[in-house]
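Peer 1: Quick one: structure below, then a few questions.
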Amino acid sequence: MSAVSDPSRTVLLLNGPNLNLLGTRDPGQYGTTTLAEVERRVVSLGEELGVRVVCAQSNSEGVMVDRIHAARGWAGVVLNPGAYAHYGIALRDAIDAVEAPVVEVHISNVYAREEFRHTSVTAPVAAGYVAGCGVFGYELALRAVLRRDAERREADGAQAG
Ligand code: DQA
């Protein structure tokens with residue numbers, strides 16, 4: 001990934017496995033909005049809020065771990081881990097290892113679905129959790145990331161002063 005100009009004003013939007021198929025995959029659960037459109041909306045909200053949003057999607061956990069490591073020192077991460085939320089311990093450890101706030105998003109209401117989706121191994125180390133709001137959840141998560149980041153910087157400043 002190329003260097004970003006101001007890491008502290010950059011947010012990573014990271015989507016996990018199968019989310020590249022948004023728009024056509026199980027529209028009853030995930031709607032008909034494509035990933036490209038989701039990314040466009042989040043980038044545009046970022047512009048409004050004064051941050052640059054870098055978008056990435058991967059079907060493999062290791063690549064997602066690398067992306068999260070690369071976002072160390074950034075304002076934060078909006079993350080839809082996809083199915084890795086339910087068993088991805090390496091992803092969980094990556095979230096735990098970076099200071100940047102990671103807000104987890106699920107488009108569907110995972111609690112109204114199969115029982116295996118009721119467990120998230122990533123949520124306990126996330127700075128926030130949004131589920132069941134459709135793709136609008138990504139915009140909520142971006143706002144939450146920025147709020148958490150501001151709180152974190154304020155607390156750091158108070159400690160330094
Ligand atoms: C999902 C929910 C997961 O259970 C599922 O495996 C996904 C999508 C969601 O956005 O609702 O791939 O993360």
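Peer 1: How much of the accessible area of region 27-136, in percent, comes from carbon and sulfur atoms when a 1.4 Å probe is used?
Peer 2: So the carbon and sulfur contribution to the accessible surface is 51 percent.
Peer 1: Right, something else. I'd like the Kirkwood hydrodynamic radius of the chain, using the inverse of the mean 1/r over distinct C-alpha pairs, in Å.
Peer 2: Mean inverse Cα-Cα distance, inverted, gives 15.7 Å.
Peer 1: For region 71-161, place one equal point scatterer on every Cα, skip the solvent, and apply the Debye formula. What is log10 of I(q)/I(0) at q = 0.18 Å⁻¹?
Peer 2: Values returned for q = 0.18 Å⁻¹ are -0.77.
Peer 1: Mind listing the Cα extents of region 43-102 along all three principal axes, in Å, largest one first?
Peer 2: On the principal axes, region 43-102 reaches 35, 21, 16 Å in Cα extent.
Peer 1: Further, regarding this structure: How much length, in nm to one decimal, is gained on full extension between residue 97 and residue 66, taken as 0.36 nm per residue of separation minus their Cα-Cα distance?
Peer 2: Working it through step by step, the gained length comes to 10.0 nm.
Peer 1: May I ask you to give the solvent-accessible area per residue for region 9-160, in square angstrom, as obtained with a 1.4 angstrom probe?
Peer 2: Per residue, region 9-160 has an accessible area of 46 Å².
Peer 1: Also, quick follow-up: Choose one of 120, 103, 134: the residue whose Cα lies farthest towards the positive end of the charge dipole of region 58-161 (beta-carbon charges +1 Lys, Arg; -1 Asp, Glu; about the Cα centre).
Peer 2: Result: 134.
Peer 1: Next question, about the same structure. Over the chain, what is the mean sequence separation of C-alpha contacts under 8 Å (at least six apart), divided by residue count, expressed as relative contact order in percent?
Peer 2: 24 percent
The values are calculated or read from the model by the stated rules, or taken from the named source; none is laboratory data. Note that this is a predicted model, so its numbers are computed, not measured. No Cβ is skipped: glycine too gets one built from the backbone with ideal geometry, and neighbour counts run over all protein chains shown. Remember, those area values only see protein heavy atoms, side chains included, never the ligands or the DNA or RNA. Shrake-Rupley method; radii C 1.70, N 1.55, O 1.52, S 1.80 Å.
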